Amino acid sequence: MSLSSIKSFSLELDGPADAAFTVGEAVSGQVVLELRRDTRVESMKVQGRGVATAHWLENRGMNSVYNDYTSKITYFRKRQHLIRDNGEATVLHAGRHEFPFSFQLPEETLVTSFEGKHGSIRYWVKVKLHRPWSTVRKLKKEFTVIEPIDINTPTLLAPQAGTKDKMARAWYRNFGQVSVTAKIDRKGYTPGEVIPVFAEFDNSTSRSIVPRAFITQTQTFIARGTMKQKRSVVATLCGDIVGAKSRETWHGRAIKIPPVGPSILQCRIIKVEYLLKVCVDVPGTSKLCLELPLVIGTIPLHPFGSRTSSISSHYSVNLEWLRMAIPEQPEPPPDYSSVVTEEEAEQRNHAAAPQPADDLSGILERPLMAFVQEFRFRPPPVYSEIDPNPQPINMRPRCMTY
């Protein structure tokens with residue numbers, strides 16, 4: 001049988017092209033086969049898979065031998081026969097044939113789809129068509145899976161704060177102490193939100209300092225007990241110069257989260273983590289950096305989730321007045337090397353094995369799409385201690401006397 005008997009062979013998934021799935025949902029579609037004439041088919045099957053893979057090569061010696069570091073985790077594997085192999089070929093008549101299929105994603109946690117420099121988390125549907133005395137025809141189509149991360153939880157709604165100080169020295173001379181205190185209203189955010197940064201910079205030195213804030217992304221890949229990391233700066237905020245023997249305060253300076261992918265914390269071989277770094281550049285000495293952990297979620301903050309978090313919730317949602325502080329064309333983020341202190345760099349060099357230098361330009365290999373789950377129910381009404389519909393005084397019941 002010649003290949004010309006097949007006019008077209010395609011795989012179509014139901015729903016929009018950019019649809020995202022989550023745990024327990026059904027992935028459905030159809031395989032469309034158009035034939036010019038009657039064709040014998042042995043079997044046709046569709047397979048759904050989800051796999052996380054980490055892989056890189058390293059050359060640790062002067063020779064040309066490379067060590068292969070590979071690890072893999074299969075999250076699900078399902079198969080469905082569209083035409084079963086019963087020992088005899090099935091004859092399909094000329095024309096158009098549609099074979100629907102559907103399978104359900106596991107109820108267990110599925111990690112968000114991801115593409116990185118040293119690994120990926122991919123989900124796909126593959127179809128194989130077997131015919132007598134012919135090569136196997138294959139089709140493959142990837143789809144996106146999103147792990148729901150609801151930031152409306154006590155852990156992610158908790159404020160994050162810290163203090164750090166350092167004695168500025170150059171050679172044998174002390175210039176004085178620099179201290180940084182910073183706070184953000186919560187740990188969890190979604191892409192597109194603005195983080196109000198509250199900070200205080202106390203400059204007791206004889207030199208001027210420059211405060212800055214960064215949002216950094218760290219991709220961690222693990223294989224054969226070895227770790228590989230890639231760090232990028234995804235957003236930056238530069239403050240005003242703080243003169244010698246003076247103090248500067250940030251009353252909610254705004255730094256906006258760009259459209260980055262959500263945090264990945266549940267995968268054993270690939271992790272994506274975020275930090276807010278509040279740093280001070282001191283001329284003539286190393287940087288002082290304070291780190292506050294961030295979790296980028298997929299389910300946005302509910303403005304009326306609870307009364308206890310009403311202050312932080314309303315402050316984070318009603319930020320119209322802060323939009324004027326966000327430039328229309330923000331300056332490009334700096335290199336990650338400009339954010340890391342010398343002590344941190346030295347500790348990481350001793351902790352990790354020698355590795356080729358990564359490109360820390362702040363530009364990711366492929367843009368990561370962040371999908372935000374929409375609310376399907378109306379939010380509950382706002383609680384109020386004042387009766388919105390008071391009765392007139394003459395309509396109120398009076399006490400009866402006898």
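The values are calculated or read from the model by the stated rules, or taken from the named source; none is laboratory data. The structure displayed is predicted, hence computed values, not measured ones. Neighbour counts are summed over all protein chains in view; Cβ atoms, including those assigned to glycine, are modelled from backbone coordinates with ideal geometry.
Quick check on region 23-38. Is at least one of its residues closer than 30 Å to residue 223 by Cβ and either in contact with a helix residue (DSSP H, G or I) (Cβ under 7 Å, 6 or more places away or on another chain) or not in a loop (DSSP other than H, G, I, E, B) (or both)?
yes
Kindly list the number of the only condition in (1) at pLDDT below 90; (2) aliphatic (A, V, I, L, M); (3) in a strand (DSSP E or B) that fails for residue 17.
If we test residue 17 against (1) at pLDDT below 90; (2) aliphatic (A, V, I, L, M); (3) in a strand (DSSP E or B), just (3) comes out false.
Answer with yes or no whether residue 271 is closer than 30 Å to residue 114 by Cα, crowded, with 20+ Cβ neighbours inside 10 Å and of a type in the set (D, E, K, R).
No: the conditions fail for residue 271.
Any residue in region 65-74 that is buried (at least 16 other Cβ atoms within 10 Å of the Cβ), touching a residue at least 40 places away in the same chain (Cβ under 8 Å), out of contact with any His (no Cβ under 9 Å at 6 or more places or on another chain) and not acidic (Asp, Glu)?
The answer is no; no qualifying residue exists.
Residues are listed down the side, and each one gets a yes or a no for (1) in contact (Cβ under 8 Å) with a residue 60 or more places away in the chain; (2) among the small types (Gly, Ala, Ser); (3) within 27 Å of residue 115 (Cβ to Cβ):
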residue: 150; (1), (2), (3): yes, no, yes
residue: 188; (1), (2), (3): yes, yes, yes
residue: 199; (1), (2), (3): yes, yes, no
residue: 212; (1), (2), (3): yes, no, no
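If you take the residues in region 134-149 that are part of a strand (DSSP E or B) and not hydrophobic (A, V, I, L, M, F, W, C), which one is farthest from residue 180 (Cα to Cα)?
Filtering region 134-149 for residues that are part of a strand (DSSP E or B) and not hydrophobic (A, V, I, L, M, F, W, C), the one farthest from residue 180 (Cα to Cα) comes out as 137.
Which residues, taken from region 80-91, are part of a loop (DSSP other than H, G, I, E, B) and surrounded by fewer than 12 Cβ atoms within 10 Å (Cβ to Cβ)?
Scanning region 80-91 gives 84, 86, 87, 88.
Taking region 16-64 as the region of interest, how many residues are surrounded by fewer than 16 Cβ atoms within 10 Å (Cβ to Cβ), farther than 27 Å from residue 266 by Cβ and in contact (Cβ under 8 Å) with a residue 24 or more places away in the chain?
Final tally of qualifying residues: 7.
Run down 96, 77 and say which single residue is out of contact with any Gly (no Cβ under 8 Å at 6 or more places or on another chain), part of a strand (DSSP E or B) and among the basic types (Lys, Arg).
Exactly one of 96, 77 is out of contact with any Gly (no Cβ under 8 Å at 6 or more places or on another chain), part of a strand (DSSP E or B) and among the basic types (Lys, Arg), namely 96.
Considering (1) in a loop (DSSP other than H, G, I, E, B); (2) modelled with pLDDT under 95, say which one residue 152 fails and leave the rest.
(2)
Looking at this structure, is residue 145 modelled with pLDDT of 95 or more, among the hydrophobic types (A, V, I, L, M, F, W, C) and more than 30 Å from residue 242 (Cα to Cα)?
yes
Considering only residues of region 72-103 that are of a type outside the set (S, T, N, Q) and touching a Ser or Thr at 6+ places or on another chain (Cβ under 6 Å), which is farthest from residue 39 (Cα to Cα)?
72
Can you list residue pairs whose Cβ atoms sit under 6 Å apart, with the first residue in region 119-144 being within 25 Å of residue 268 (Cα to Cα) and the second being at pLDDT 95 or above and polar (S, T, N, Q)? Count only pairs 6 or more apart in sequence or on different chains.
Taking only residues 6 or more apart or on different chains, the pairs are 119/53; 120/53; 121/113; 144/113.
Inspect all residues belonging to region 163-183 and state whether any of them is among the aromatic types (Phe, Trp, Tyr) and touching a Leu at 6+ places or on another chain (Cβ under 9 Å).
So far as region 163-183 goes, no, none of its residues is among the aromatic types (Phe, Trp, Tyr) and touching a Leu at 6+ places or on another chain (Cβ under 9 Å).
Can you find a residue that is free of Cβ contacts under 8 Å to residues at least 40 places away in the same chain and closer than 30 Å to residue 146 by Cβ anywhere in region 85-93?
Checked against the condition, which is being free of Cβ contacts under 8 Å to residues at least 40 places away in the same chain and closer than 30 Å to residue 146 by Cβ, region 85-93 yields no hits at all.
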